[in-house]
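Undergrad: Before anything else, here's the structure in question.
The values are calculated or read from the model by the stated rules, or taken from the named source; none is laboratory data. Remember, it's a predicted structure, so these values are computed and weren't measured experimentally. Quick reminder, even Gly has a Cβ in these numbers, built from the backbone with ideal geometry, and neighbours come from all protein chains shown.
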There are 2 protein chains.
Amino acid sequence: MDFKITVLGSNSAIPAHGRNQTSQLVNIANIYLLIDCGEGTQIQLRKFKLKFSKIDYIFISHLHGDHFFGLMGLISSFHLNKRTRLLTIFGPNGLDEIITVQLKHSNTRLNFPLRFVTTNPEKKELILEEKKFQVFTFPLKHRIACTGFLIKEKTLLRNLNKEKLLETKLPLEAINSLRKGKDFNDESGNVLYSVEEFTYPPRPLRSYAFCSDTGFDLEIVNYIKGANLLYHEATFGNDEEERARETFHSTASDAGKIAKKAEVGSLLLGHYSTRYLDLSPLLEEARAEFPETYLSEEGITYTVD
Amino acid sequence: MDFKITVLGSNSAIPAHGRNQTSQLVNIANIYLLIDCGEGTQIQLRKFKLKFSKIDYIFISHLHGDHFFGLMGLISSFHLNKRTRLLTIFGPNGLDEIITVQLKHSNTRLNFPLRFVTTNPEKKELILEEKKFQVFTFPLKHRIACTGFLIKEKTLLRNLNKEKLLETKLPLEAINSLRKGKDFNDESGNVLYSVEEFTYPPRPLRSYAFCSDTGFDLEIVNYIKGANLLYHEATFGNDEEERARETFHSTASDAGKIAKKAEVGSLLLGHYSTRYLDLSPLLEEARAEFPETYLSEEGITYTVD
């Protein structure tokens with residue numbers, strides 16, 4: 001099952017040095033999710049030849065412009081491209097008003113249904129339940145209401161022991177039960193076929209955690225524990241630690257500390273301050289805390305595994 | 001005196017073929033005006049190394065997204081770049097609400113004063129009076145309220161006849177009067193120095209007319225008569241004339257007809273439909289009506305003369 005993240009923007013605040021503002025396209029089980037949508041996101045999607053008409057869900061972390069100023073353009077392009085499929089947008093209180101006001105003044109009646117779900121910045125919440133994955137929000141510590149997103153695979157079916165199945169022909173009903181992890185019993189309740197005998201455990205469930213703008217906050221560790229891949233903002237280097245504290249942003253080193261505490265598989269940095277043309281100091285500082293760290297780069301697809 | 005237009009976007013509706021959405025930067029007497037502001041305008045300004053901090057006035061023709069979705073990003077970047085100078089935005093009713101709602105939800109108090117002036121889509125109006133130029137709006141015929149903009153040089157001072165001034169030494173007071181076109185008289189009202197003798201007429205006043213989205217409308221001719229340079233949308237070719245009529249857009253041929261009737265100096269086409277990768281048929285069709293026609297191209301600066 002595909003579980004991939006394509007980075008569309010990596011700069012903070014202002015587009016600069018050829019780096020765009022925050023946005024990521026997630027493909028999980030061939031369902032496309034967009035996380036944040038800075039100005040020019042639709043231009044980036046085209047540039048990297050990503051089929052943006054396939055996006056079903058958009059998640060906006062917070063209402064600073066560098067995380068959502070591309071949203072109206074994307075909605076408008078969906079409309080002009082004759083989309084008819086439902087689009088669901090998850091975002092903070094106020095985003096629905098921002099969208100509605102702009103549709104009203106342009107006298108636009110969208111061709112497609114748009115569902116808006118207000119996120120809760122106060123506690124972890126399940127906001128999307130799909131067949132093969134779930135999405136949760138969790139609180140981040142920023143200057144305005146801001147949530148992270150955790151995308152988790154759901155319980156997988158156990159794998160069948162094919163050799164055993166050649167020996168014993170099982171009814172379909174029994175197979176379904178065993179794959180779900182339940183022994184198959186006869187009418188008196190005695191085990192006929194056991195899970196242990198006929199199946200192997202599924203591979204571990206994967207998860208991706210997205211921590212958009214946030215100050216250094218150890219509480220985050222509880223929400224993202226053990227994620228295979230963590231994206232954590234790293235606006236500043238150690239040279240600007242004070243500024244990071246003032247503005248509720250993180251240093252690369254902070255991101256590394258969170259990754260280490262949360263025992264994630266690997267860490268992806270992003271949301272770079274425009275003051276850094278060369279990003280290698282940020283990478284080094286994060287790696288000093290957590291060696292499995294990488295710089296997110298626009299147009300690059302990262303696999304969650 | 002500089003009077004130059006730099007095209008930042010030339011495509012309609014959707015950014016495509018590497019073409020951005022409508023926006024133009026005007027430099028008149030070293031005052032910078034931005035007309036329309038499609039998504040990614042600030043990225044274009046940076047790409048073409050234009051000093052966008054110098055912009056004092058922004059004019060938005062109408063509230064279809066391809067003409068203003070870049071505005072909030074630009075305002076936000078002015079703010080982040082610590083602008084303190086007044087910014088004046090001229091635009092249709094509703095644009096102030098769109099801006100205010102977004103500033104409210106991002107909890108942003110701008111560092112600089114922002115003045116909003118609502119344009120009137122019903123009749124020609126003078127909306128800006130600067131020392132060296134004026135800006136007028138005029139009605140266009142689109143699906144929603146939409147105005148064009150006419151930027152006109154103001155009355156120029158007459159040029160002094162330097163040879164004559166070597167012969168006769170005039171007091172400063174006399175020179176000022178003559179340059180303004182008034183004879184300089186003695187106390188009894190007799191002409192001491194005449195305008196005819198000491199000055200030449202100034203060069204003709206220049207003007208630039210911007211006709212954003214509009215159906216073919218001969219009324220426009222009255223508003224833009226004799227402009228040195230006319231930008232007129234040319235969304236479609238003759239092959240899509242019916243679609244142009246339905247959507248209140250123009251064909252390239254329509255734009256040529258307006259240019260001819262209005263006896264402008266030259267015509268610049270733009271707002272190309274995404275269906276046209278090759279724009280040469282549009283250019284040919286407009287030239288069949290009005291030979292002095294050019295395709296607007298992004299990053300190119302056109303001089304008004």
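Undergrad: Restricting to the range B:240-264, name every residue that is touching a residue at least 40 places away in the same chain (Cβ under 8 Å) and either not assigned by TED's automatic domain parsing to the domain that holds B:L283 or not hydrophobic (A, V, I, L, M, F, W, C) (or both).
TA: Correct list: B:T247, B:H249, B:K257, B:K261.
Undergrad: In the range A:221-239, how many are touching a helix residue (DSSP H, G or I) at 6+ places or on another chain (Cβ under 7 Å) and surrounded by fewer than 24 Cβ atoms within 10 Å (Cβ to Cβ)?
TA: Of the residues in the range A:221-239, 3 are touching a helix residue (DSSP H, G or I) at 6+ places or on another chain (Cβ under 7 Å) and surrounded by fewer than 24 Cβ atoms within 10 Å (Cβ to Cβ).
Undergrad: Does B:V117 satisfy the criteria of being in contact with a Phe, Trp or Tyr (Cβ under 8 Å, 6 or more places away or on another chain), more than 8 Å from chain A (Cβ to nearest Cβ) and surrounded by 22 or more Cβ atoms within 10 Å (Cβ to Cβ)?
TA: no
Undergrad: Return the residue satisfying two criteria in turn: it lies in the range A:105-114 and is over 19 Å from B:P15 (Cα atoms) and either facing another protein chain (nearest Cβ under 9 Å) or in contact (Cβ under 8 Å) with a residue 60 or more places away in the chain (or both), and of such residues it is surrounded by the fewest Cβ atoms within 10 Å (Cβ to Cβ).
TA: Of everything passing the filter in the range A:105-114, A:N107 is surrounded by the fewest Cβ atoms within 10 Å (Cβ to Cβ).
Here is a yes/no grid of residues against (1) within 14 Å of another protein chain (Cβ to nearest Cβ); (2) exposed (fewer than 15 other Cβ atoms within 10 Å of the Cβ); (3) among the charged types (D, E, K, R); (4) out of contact with any Asp or Glu (no Cβ under 9 Å at 6 or more places or on another chain):
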position: A:E129; (1), (2), (3), (4): no, yes, yes, yes
position: A:F136; (1), (2), (3), (4): no, no, no, no
position: A:R158; (1), (2), (3), (4): no, no, yes, yes
position: A:N185; (1), (2), (3), (4): no, yes, no, yes
position: A:G189; (1), (2), (3), (4): no, yes, no, yes
position: A:P202; (1), (2), (3), (4): no, yes, no, yes
position: A:A209; (1), (2), (3), (4): no, no, no, yes
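Listed here are the residues, each with its yes/no results for (1) buried (at least 23 other Cβ atoms within 10 Å of the Cβ); (2) within 13 Å of another protein chain (Cβ to nearest Cβ); (3) over 16 Å from A:Q102 (Cβ atoms).
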{"position": "B:A16", "(1), (2), (3)": "no, yes, yes"}
{"position": "B:G40", "(1), (2), (3)": "yes, yes, yes"}
{"position": "B:K51", "(1), (2), (3)": "no, no, yes"}
{"position": "B:F68", "(1), (2), (3)": "yes, yes, no"}
{"position": "B:I75", "(1), (2), (3)": "yes, yes, no"}
{"position": "B:L86", "(1), (2), (3)": "no, no, yes"}
{"position": "B:G94", "(1), (2), (3)": "no, yes, no"}
{"position": "B:L103", "(1), (2), (3)": "no, yes, no"}
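Undergrad: Out of everything in the range B:174-187 that is of a type in the set (A, V, I, L, M, F, W, C) and part of a helix (DSSP H, G or I), what residue ends up being nearest to the chain's Cα centre (by Cα)?
TA: B:L178
Undergrad: Failed condition for A:I151, given (1) within 14 Å of chain B (Cβ to nearest Cβ); (2) buried (at least 20 other Cβ atoms within 10 Å of the Cβ); (3) among the aliphatic types (A, V, I, L, M), with all others met?
TA: Tallying (1) within 14 Å of chain B (Cβ to nearest Cβ); (2) buried (at least 20 other Cβ atoms within 10 Å of the Cβ); (3) among the aliphatic types (A, V, I, L, M), A:I151 fails exactly one: (1).
Undergrad: Which one of these is assigned to a strand (DSSP E or B) and out of contact with any Ser or Thr (no Cβ under 6 Å at 6 or more places or on another chain): A:I127, A:I89, A:I98, A:I144?
TA: Going through A:I127, A:I89, A:I98, A:I144 in turn, just one is assigned to a strand (DSSP E or B) and out of contact with any Ser or Thr (no Cβ under 6 Å at 6 or more places or on another chain): A:I89.
Undergrad: Still on this structure, I have one more. Which residue out of A:I35, A:I14, A:I58, A:I43 is part of a loop (DSSP other than H, G, I, E, B) and either of a type outside the set (S, T, N, Q) or over 28 Å from B:R109 (Cβ atoms) (or both)?
TA: A:I14
Undergrad: A further question follows. Of these, B:N228, B:N238, B:N222, which one is polar (S, T, N, Q) and farther than 24 Å from B:I35 by Cβ?
TA: Among B:N228, B:N238, B:N222, only B:N238 is polar (S, T, N, Q) and farther than 24 Å from B:I35 by Cβ.
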